[in-house]
1. Would it be correct to say that B:Ile223 is within 30 Å of A:Ala88 (Cβ to Cβ) and assigned to a strand (DSSP E or B)?
2. A:Leu57 - would you say it is more than 14 Å from chain B (Cβ to nearest Cβ) and at positive phi?
3. Taking the conditions exactly as written (touching a residue at least 60 places away in the same chain (Cβ under 8 Å), within 13 Å of the chain's Cα centre (by Cα) and more than 7 Å from chain B (Cβ to nearest Cβ)), does A:Gly66 satisfy them or not?
4. Against the definition (within 29 Å of A:Asp111 (Cβ to Cβ) and in contact (Cβ under 8 Å) with a residue 24 or more places away in the chain), how does A:Pro84 come out, yes or no?
5. Inside the stretch B:146-167, can you point out the residues that are out of contact with any Asp or Glu (no Cβ under 8 Å at 6 or more places or on another chain) and in a helix (DSSP H, G or I)?
6. Restricting attention to the stretch B:256-265, does a residue exist that is over 30 Å from B:Gly336 (Cα atoms), surrounded by fewer than 20 Cβ atoms within 10 Å (Cβ to Cβ), free of Cβ contacts under 8 Å to residues at least 12 places away in the same chain and away from chain A (no Cβ under 14 Å)?
7. If a residue counts only when it is under 15 Å from the mean Cα position of the chain (by Cα) and under 30 Å from B:Met222 (Cβ atoms), which helices (runs of 4 or more DSSP H) contained entirely in the stretch B:308-413 have at least 2 such residues?
8. If you take the residues of the stretch A:90-104 that are closer than 21 Å to B:Ile223 by Cα and within 7 Å of chain B (Cβ to nearest Cβ), which of them is surrounded by the most Cβ atoms within 10 Å (Cβ to Cβ)?
Amino acid sequence: MVANGPVLRLLPKLTDDVAFFWTSGEDGVLRFLRCHSCGFFVHPPAPVCRQCLSRDLAPEAVSGRGRVESFTVNYQQWIPGSDPYIVAWVSIDEQPAVRLTTNLVDVEPEDVRIGMPVRVVFEHVEDVWFPLFTPAEAGT
Amino acid sequence: MSATRAEEPMERRAIISGIGQSDVGRRLGRSELDLTVEAAQAAIADAGLTRDDIDGIATYPGMTAGPPGFSGPATPEVQDAMGLSVNWHDGGVEGPGQMRAVIAAALAVAAGLARHVLVYRTVTEGSAQGSGGRQGIGGAGGGGGGGGVPRFGGSMQWTLPFGAVSAANWLALVAQRRFHEFGLTREQLGQIAINARRNAGLNPKAIYTAPMSMGDYLAARMITTPLCLFDCDAPCDGSTAFIVSQRDLAGDLDHPAVQINAVGTALHGRPSWDQFDDMTTMAARDAGASLWLRTDLTPADVDTAQLYDGFSILTMVWLEALGFCGRGESGAFVEGGANIAREGLLPLNTAGGQLSAGRLHGFGFIHEACLQLRGEAGTRQVVRPGGRSPEVAAVANGGGPIAGTMLLTRGLA
């Protein structure tokens, strides 16, 4: 059995540029900054679209669906007391070039494959909702 | 001469005229400034110069809030301690890998801003680690103290909360992607560590010299799959210094000058550990490709390669990025270890790399390249087919979104 993440989650500072992202899971929905001019999702958040340089950007909901691009099972006790946990890169279906470094939860390493579909779940710690991912059920 | 290149690359106006290295060890218990001065004085003497000849100074990373033992002394400390009077000075962390300081020095002498630049990189990460485990980035694992959980902004906020707190984690993701895309195996990856250990046995300064078998490698404890303990470099204490000079000094040296033939500095992909377009290469791809645009030499001309191995997987990435084999073919290239042995097609990391000789953080590779080109590598000296000594060395520093590379040659082109 692997854990769903490290025993301690270091927390992001909820500055104005990123607060929407880290609190988005409060209503169970993942959001990214999107350019209203060209439709590009900009992540990490920036004041300008890196594709078209428009500054007309706003958070927009996405499906929360994605794919595992790579993963590793961490054993080293960087954070003492942690059981092994899975770190992954997950790309989002709406724009696969956007990836999140995240944890895969409620799944064992032997059942993880690169390319497998996953869906977002959130872990609530203080004022942050961390987007984590779990295998997407077939057909859903 | 390439039709697209009208002028000689400016870096070729620079030579590495002197090299020096302090004692290197796991925990020397000496100050970073003390180690730096030892290396610097050795390098100045090696170049046949005196302190008063040095008119420039450069380092990586300079004054930064890095992990304990990472940064070494900043240039003002070294300048003042050694009583240097400089016409040019530079320290910084942003640029094409750790060798950014050497490249900056080469461009400074080429531009006439200085004649002889002292360039150094000093680490005391061995002592800083003490008897505890290796730390993550940002002090993760060091405990939050009494003030609650620390909060992070900037790029680290995207990885640290998920327990991806070390470059080991980030590069394990690169490695796993290579297992998936290219069929890379642990046995192939292990050849990088085993080759390094074999070479370290001939390096009196190396940290780990006991022979390592494939069985030893495969049995080592996992750090973050598929990277095990022996895929990670060994924190150490030590300083490496170079004198980068205008090339007209070459004739005055009592050893062959080492010329900077070309540098590779490009970064075309996103400067990010998790958003880079190609998850199997990252910045090495761009730096490697840009190197060959600045020279008529080709990968086949390289007599020895000193390729960064902060983690073994990075050496695999660099083998491909520099064109020593095709994309995805580095696993097959190192299979069995013959190609990368000292007597092989491409003698690799001949001092033992950072995996076994210690994490001198990029500069150890440049130092070893100079020794090999000068024919001063002692029992580990590379001898090419026909009894020829090495004339061309490729050096690479960095991993993930950080990459720089250089081609060094013996004597002036």
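No value in this document is a laboratory result; all are computed from the given coordinates. Remember, it's a predicted structure, so these values are computed and weren't measured experimentally. All Cβ positions, glycine included, derive from the backbone under ideal geometry; neighbour counts span all protein chains shown.
1. Yes, satisfied.
2. no
3. Yes.
4. yes
5. B:Gly154, B:Ser155, B:Met156, B:Gln157, B:Leu160, B:Pro161, B:Phe162, B:Ala167
6. no
7. B:312-321, B:353-356, B:363-374
8. A:Asn103
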